[in-house]
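S.K.: To start, I am sharing the structure in question, which I have written as structure tokens.
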Amino acid sequence: MIETFVLVLLAVVVLAVLLFWVVGERGPWLCPSTISFFREQGLRNLLNGKALHGYVYGRWTQQYISCALNRLLPRADPAAVRSWGDHYHGKVLTPEQARSVVRLDHPIPIRDLEQVIPYPTARKLVLEGPPDIVAYECVCRGARATPCGPTQVCMVIGKPFADFILQHHPRTSRRLSRNEALDLLQQERERGHVHTAWFKDVMLDRFYAICNCCSCCCGGIEVMVRHDGRNIAPSGYVAAVDEGKCESCGTCRAVCPFGAIDLDGKAVVTWKTCMGCGVCEGLCPAQAITLARDERKGLPLDVRAMKEMSVL
């Protein structure tokens, strides 16, 4: 019964979108941001289902993620989880990388940016500055029985995504100035949460959000840590401990979202599982941890490099 209803609903949405595409005029049932979203998707993605998938994901995000985390993921086999991660993935950002994205004030045209974001789906990364930024309820936290607070900590960035979220989720989203976004990043850093940039193939094949993730609620971290998923890429850095400063207090071990730090007289970082998020660096009371560039951890998100590429 539920499956039939879903199929009928999807068919109605497809017909409505195709009708709009043919007529080319706004109907009373289509928000301007919806029109922009489908127009950017193009006719090909309308016909192959990607545009519809993206619309459902953005329009009913809470239900989408809740179903994935609470119903599908517990029953999925590892191969299915890895396949899902190939189409919906993120990259860990250091605090400075996250701030750089928010401060961006230079248009970045579509280019092959694999040298900056080293995975295929992010090749068409588009950052338009100054960015449109919207704070949105974290759907991962909303899917949990006892979520962390506060919950309005995800940042949707750029058009048409920011306008889409504002128009379809007015009660759970709000527009942010650049300074407000920077303040939100700082507050989440102080809470020990991870900054991540997210990409999804049905979201126009590009970067669309910065999330501030906690290890107890984040679905992306759960897929990676508990299900051996490949959906989160390292920042390009790894935590390095100054043994002379380390006081063996255990703070870093307690706050590491990826379980990458242990104590053996001094703090010891497990290279394989460290994602270079900088949480331990920011919360170490002895300031004994720094982030070191490591080529084996991939290439960092470098907004300055993207600026240079855009004027070549």
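The values are calculated or read from the model by the stated rules, or taken from the named source; none is laboratory data. Owing to the predicted nature of the structure, the values given are computational and were not obtained by experimental measurement. Because the Cβ atoms are built from the backbone with ideal geometry, glycine has one as well, and the counts that use them run over all protein chains shown.
S.K.: Scan the range 227-280 for residues that are out of contact with any Leu (no Cβ under 9 Å at 6 or more places or on another chain) and on the phi > 0 side of the Ramachandran plot and jot them down.
M.R.: Residues satisfying the conditions are 228, 259, 265.
S.K.: Applying the selection to the range 227-245, what residues are closer than 15 Å to residue 272 by Cα and not β-branched (Val, Ile, Thr)?
M.R.: Selection gives 228, 229, 230, 233, 234, 235, 236, 237, 239, 240.
S.K.: Among (1) among the hydroxyl-bearing types (Ser, Thr, Tyr); (2) modelled with pLDDT of 95 or more; (3) out of contact with any strand residue (DSSP E or B) (no Cβ under 8 Å at 6 or more places or on another chain), there is one condition residue 273 misses while meeting the rest; what is its number?
M.R.: (2)
S.K.: Now, a different point. For the range 1-77, which fully contained helices (runs of 4 or more DSSP H) count at least 1 residues that are surrounded by 18 or more Cβ atoms within 10 Å (Cβ to Cβ) and modelled with pLDDT under 60?
M.R.: Per the criteria, 2-23.
S.K.: Let me ask something additional. Exactly one of (1) part of a loop (DSSP other than H, G, I, E, B); (2) modelled with pLDDT of 90 or more; (3) closer than 20 Å to residue 298 by Cα is unmet by residue 239. Its number?
M.R.: Only one criterion in (1) part of a loop (DSSP other than H, G, I, E, B); (2) modelled with pLDDT of 90 or more; (3) closer than 20 Å to residue 298 by Cα is unmet by residue 239, namely (1).
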